[in-house]
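For reference, the structure is listed below as structure tokens.
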Amino acid sequence: MTEVAFHFNAPDKLEYACRFVRKALRRDMRLAVVAAPADLERLDRMLWDMAPTDFVAHCLGSATPELVEASPAVLTHDLRLCPHRQMLLNLGDVVPASFAEFDRVVEVVGRDDGDRAAARGRWREYAAQGYAIVRHDLVAREGSE
């Protein structure tokens with residue numbers, strides 16, 4: 001069964017996603033990042049702007065099929081465009097339709113009320129389908145580091 005985790009209280013969801021993707025790739029994981037098209041474009045630019053020592057190999061789902069297959073991280077609004085099923089990082093407001101095809105799903109939740117409300121809805125949807133959910137409070141982690 002797919003492992004589902006919520007990472008709450010991200011000060012900036014896209015900055016957090018950059019760090020998360022970098023860390024996942026350092027662990028040789030292949031992942032899909034799903035979000036709204038405008039957020040994906042911004043995340044793509046942010047990943048390219050990281051320091052050279054933090055290079056994150058990635059592409060947009062709209063790239064050529066060969067590039068998408070070769071890229072360990074695929075940024076997409078349509079998971080059908082991504083061949084990877086190891087990990088899914090969801091930055092969107094809804095539960096992706098094909099999330100159960102992934103080994104692991106990570107939901108990133110910001111600090112604003114609208115994002116938190118959408119996350120509560122996603123949490124309920126996963127729970128209603130019988131998924132055990134792991135909760136990570138990023139504020140609590142900041143204080144312990």
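The values are calculated or read from the model by the stated rules, or taken from the named source; none is laboratory data. This is a predicted model, so every value here is computed, not measured. Reconstructed Cβ throughout: ideal geometry from the backbone, glycine too, with neighbour counts over all protein chains shown.
Observations, loosely collected:
- Of the residues making up region 43-55, those that are over 14 Å from the mean Cα position of the chain (by Cα) and surrounded by 14 or more Cβ atoms within 10 Å (Cβ to Cβ) are M46, M50.
- Hey, D44 acidic (D, E), free of Cβ contacts under 8 Å to residues at least 40 places away in the same chain and not in a loop (DSSP other than H, G, I, E, B) or not: yes
- Residue in region 48-67 that is in a strand (DSSP E or B), in contact with a Gly (Cβ under 6 Å, 6 or more places away or on another chain) and at pLDDT 95 or above present: no
- Within region 80-105, tally of residues that are closer than 22 Å to W48 by Cα, surrounded by 21 or more Cβ atoms within 10 Å (Cβ to Cβ) and of a type in the set (A, V, I, L, M): 4
- Residue under evaluation R27, criteria (1) at pLDDT 95 or above; (2) over 22 Å from L81 (Cβ atoms); (3) touching a Gly at 6+ places or on another chain (Cβ under 9 Å), criterion not met: (3)
- Check on L25, crowded, with 20+ Cβ neighbours inside 10 Å, assigned to a helix (DSSP H, G or I) and not small (G, A, S): no
- Within region 70-122, being part of a loop (DSSP other than H, G, I, E, B), in contact (Cβ under 8 Å) with a residue 60 or more places away in the chain and either of a type outside the set (A, V, I, L, M, F, W, C) or closer than 19 Å to P11 by Cα (or both) holds for L91, P96, D103, R111.
- Across region 32-39, a minimum of one residue is classified as out of contact with any His (no Cβ under 6 Å at 6 or more places or on another chain) and assigned to a helix (DSSP H, G or I).
- With respect to the conditions (1) surrounded by fewer than 14 Cβ atoms within 10 Å (Cβ to Cβ); (2) at negative phi, R30 falls short on a single one, namely (1).
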